[in-house]
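Working notes, beginning with the structure itself.
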Amino acid sequence: MKQKTFDDYWFHYVFSEDPQEIKNSIAEIYINSENTEIHIDLYGEVLSTDKNIIFIHGTSVYSRFYAEFLYKLYKKGYRVFAPDLIGHGLSAGSRGHFTMEIFTRIIYDLTSYIRERFGNKIVVMGSSLGGITAFYCAANDPRLSGAVCHNAAIFDEKAYKKIINIKGILRLLLPAVPILARVLPKLHLSVFIYLDFKQLAKDQNVLESVEYLLEDEFFTEKYSLTALTTQLKAPLARPVEDIEIPIMIINGDNDNLFSVDYMKEIYERLTCEPKKLEIIENGSHLIFQEHIDETLDSIILWLKNLFS
């Protein structure tokens, strides 16, 4: 069966670079993980480097929402692997149906794939739910050279009370979600009941790109009760205090989902060395779109330290 492919709709998420040049730099590969075909955009396949990055996208989107940032990262000399998580983008799997354990196993398998072909120096990076996934991967896989987490959370410590202003019907449903998930694990609810994508940025160009995103055929609007439950209860593979690999947490000071105070709380519990907390001044939630160069510069300094 012929695999589905992207058209050029994602060009709407590129602001200053030539989207065609970005497209030409991407090699598309698939790996099998969780008995599922996982689609990966690979920037710098033939690049002569042993510096490898895995970038994990956020809620409802897919890797090309971050294409401009990933291209800029690749142009700095890094080989970048950007998977569409199971049930997202071009990857197979039931749309919006996952657990954090599944996500971390997929990244574990991708890490193994990279180690076999491109070397052992691998840093995991992600944004929003992807940043949290990177954090969970850091706790799960000591083979990693480090992590860059745009946002972090510890779900089984009632993180939802600190990162999302829950309102409306979800506030009423929340206590029952884990129970309902046992009976109706694949019942899907719209992410719009807890996320307003139009409030995630301030820049008009970025907000226009969000309008396009909401009409994107690869935008995953609904998440299963299982997927919602995992964001309420999933534990780290080890206590945050026992994570050994270096971690950088980065956050905007005007992020309307993840507070600086909560990021500081997690950062202060980390005992890994080195570690870093970077706060982007006037940064919204979408720092990889709205504050792309400042964010890139901060991350590059950290990566140079890890890969030295």
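All of the numbers you see were taken from the coordinates with simple rules; none came from a lab. Just so it is clear, the model here is predicted, and its values are computed rather than measured. Virtual Cβ from ideal backbone geometry, glycine too; neighbours counted across all protein chains shown.
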Add +1 for every Lys or Arg and -1 for every Asp or Glu among the other residues with Cβ under 12 Å from the Cβ of Pro178, and state the total. +1
Peptides 225-238, 60-73, 106-119 ordered by average Cβ neighbours within 10 Å, highest first: 60-73, 225-238, 106-119
Taking every other residue with Cβ under 14 Å from the Cβ of Arg105 and scoring Lys and Arg +1, Asp and Glu -1, one gets -3
Counted charge near Cys149, where neighbours are those whose Cβ lies closer than 11 Å (Asp, Glu -1; Lys, Arg +1): +1
What does the extension gain come out to for Glu34 and Ser112, with contour length at 0.36 nm per residue minus their alpha carbon separation? 26.7 nm
PRE zone check, label point 7 Å out along Cα-to-Cβ of Val260, amide N under 11 Å, scope the range 278-308, hits 278-283
Give me the lysines in straight-line cross-link reach of Lys158: C-alpha distance below 30 Å, same-chain residues under 8 apart excluded. Lys167, Lys186, Lys198, Lys202, Lys222, Lys233, Lys264, Lys275, Lys276
Note on the range 172-231: contact order normalised by length, alpha-carbon pairs under 8 Å, 6 or more apart, percent, works out to 57 percent
Take every Cα pair under 8 Å in the chain that's 6+ residues apart, average their separations, divide by the length, and report that relative contact order as a whole percent. 18 percent
Expected 222 nm ellipticity per residue - DSSP helices of 4 or more, -39500 (n - 2.57), all of the chain, to 500: -10500 deg cm²/dmol
Dipole axis of the chain (+1 Lys, Arg; -1 Asp, Glu on Cβ), positive-most option in Val123, Ile179, Leu195: Ile179
Extension length gain for Arg95 and Gln199 (0.36 nm per residue less Cα distance), in nm, is 35.0 nm
Given 0.36 nm per residue, what is the gain on full extension from Glu21 to Leu232 after removing their alpha carbon distance, in nm? 71.9 nm
